Amino acid sequence: MAELCDIYDINGHKTGEVFMRGETLKEGQYYLAANIWIINSNFEILIQKRSELKNFSPNIWATHGGCVSAGETSLNGCIREVYEEIGIEIPAKDIKPLTRTTSGKLIMDNYIVVQEFNISSAKLQVEEVSEIKWVSLDELVHMAKNKEFFECPELPYVINFIDNYKSNIISGGNV
């Protein structure tokens with residue numbers, strides 16, 4: 001089934017036009033995607049291995065997310081993607097914005113959430129995901145350096161979030 005996506009300008013504003021995913025965008029046109037980083041109370045990050053069936057970066061570990069559909073916000077898009085890909089329901093009120101980056105024709109919104117999840121209850125969408133696991137921050141950084149994890153410019157912001165989260169937990173504060 002063809003996926004329709006909104007077209008955005010360089011500032012991330014919808015232009016009122018849509019395109020079918022896979023079509024080439026014109027000069028000055030951008031599409032929106034969203035990722036979410038899921039952190040647990042042990043300061044581990046939930047990652048997923050992209051299916052070998054994927055055309056782009058098969059068998060690479062990554063965070064969760066994808067393209068935002070037409071009429072959807074990036075927040076709703078990442079909530080939908082996580083549910084479709086691994087079966088996790090995440091309340092919007094618990095999600096915090098992390099970064100927005102632009103690369104080529106892509107505008108990427110990154111979010112972060114602290115949420116527990118038992119991976120044995122995951123429902124993997126086999127066309128998208130072959131495996132999930134919790135990793136420590138050190139393990140994730142190692143995987144990124146060895147190109148086992150999808151390149152992510154927001155990783156320093158994730159590290160900062162986890163460091164602040166740890167400090168707040170230790171000091172008895174709120175996240």
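The values are calculated or read from the model by the stated rules, or taken from the named source; none is laboratory data. It should be emphasised that the depicted structure is a prediction, and the values quoted were computed from it without experimental measurement. In this analysis, Cβ positions are derived from the backbone assuming ideal geometry, glycine residues included, and neighbour counts consider all displayed protein chains.
Key figures
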{"item": "Residue in segment 17-32 that is among the aliphatic types (A, V, I, L, M), modelled with pLDDT of 95 or more and closer than 17 Å to ASN110 by Cα present", "result": "yes"}
{"item": "Number of the exception - LYS54 against (1) touching a strand residue (DSSP E or B) at 6+ places or on another chain (Cβ under 7 Å); (2) in a loop (DSSP other than H, G, I, E, B)", "result": "(1)"}
{"item": "Yes/no for ILE132 being more than 30 Å from ASN11 (Cβ to Cβ) and either surrounded by 17 or more Cβ atoms within 10 Å (Cβ to Cβ) or of a type in the set (Val, Ile, Thr) (or both)", "result": "yes"}
{"item": "Qualifying positions in segment 90-115 - of a type in the set (Asp, Glu) and either assigned to a strand (DSSP E or B) or modelled with pLDDT under 95 (or both)", "result": "ASP109"}
{"item": "Sole exception among (1) of a type in the set (D, E, K, R); (2) touching a strand residue (DSSP E or B) at 6+ places or on another chain (Cβ under 7 Å); (3) surrounded by fewer than 16 Cβ atoms within 10 Å (Cβ to Cβ) for GLU154, by number", "result": "(3)"}
{"item": "Residue check, ILE60 among the aliphatic types (A, V, I, L, M) and touching a helix residue (DSSP H, G or I) at 6+ places or on another chain (Cβ under 8 Å)", "result": "no"}
{"item": "Inter-residue pairs, beta-carbon under 7 Å, first closer than 14 Å to ILE112 by Cβ and in segment 160-173, second assigned to a helix (DSSP H, G or I), 6+ apart", "result": "ILE162/LEU137"}
{"item": "VAL68 vs. criteria crowded, with 16+ Cβ neighbours inside 10 Å and touching a Gly at 6+ places or on another chain (Cβ under 6 Å)", "result": "yes"}
{"item": "Cβ-Cβ under 8 Å pairs, at least 6 apart or on other chains, segment 133-154 side under 24 Å from ASN118 (Cα atoms), far side among the small types (Gly, Ala, Ser)", "result": "PHE149/ALA62; PHE150/SER57; PHE150/ALA62"}
{"item": "Residue pairs meeting the criteria (Cβ under 6 Å; at least 6 apart or on separate chains; first under 19 Å from PHE19 (Cβ atoms), in segment 66-82; second β-branched (Val, Ile, Thr))", "result": "ALA70/VAL18; SER74/VAL68; GLY77/VAL68"}
{"item": "Segment 58-89, residues that are in a loop (DSSP other than H, G, I, E, B) and either under 23 Å from TYR8 (Cα atoms) or more than 15 Å from the chain's Cα centre (by Cα) (or both)", "result": "PRO58, ASN59, VAL68, SER69, ALA70, GLY71, GLU72, THR73"}
{"item": "Output for segment 129-142, where each listed residue is closer than 14 Å to TRP37 by Cβ and of a type in the set (A, V, I, L, M)", "result": "ILE132, VAL135, LEU137, LEU140, VAL141"}
{"item": "Residue in segment 9-50 that is surrounded by the fewest Cβ atoms within 10 Å (Cβ to Cβ), counting only those that are over 20 Å from the mean Cα position of the chain (by Cα) and outside any loop (DSSP other than H, G, I, E, B)", "result": "GLY16"}
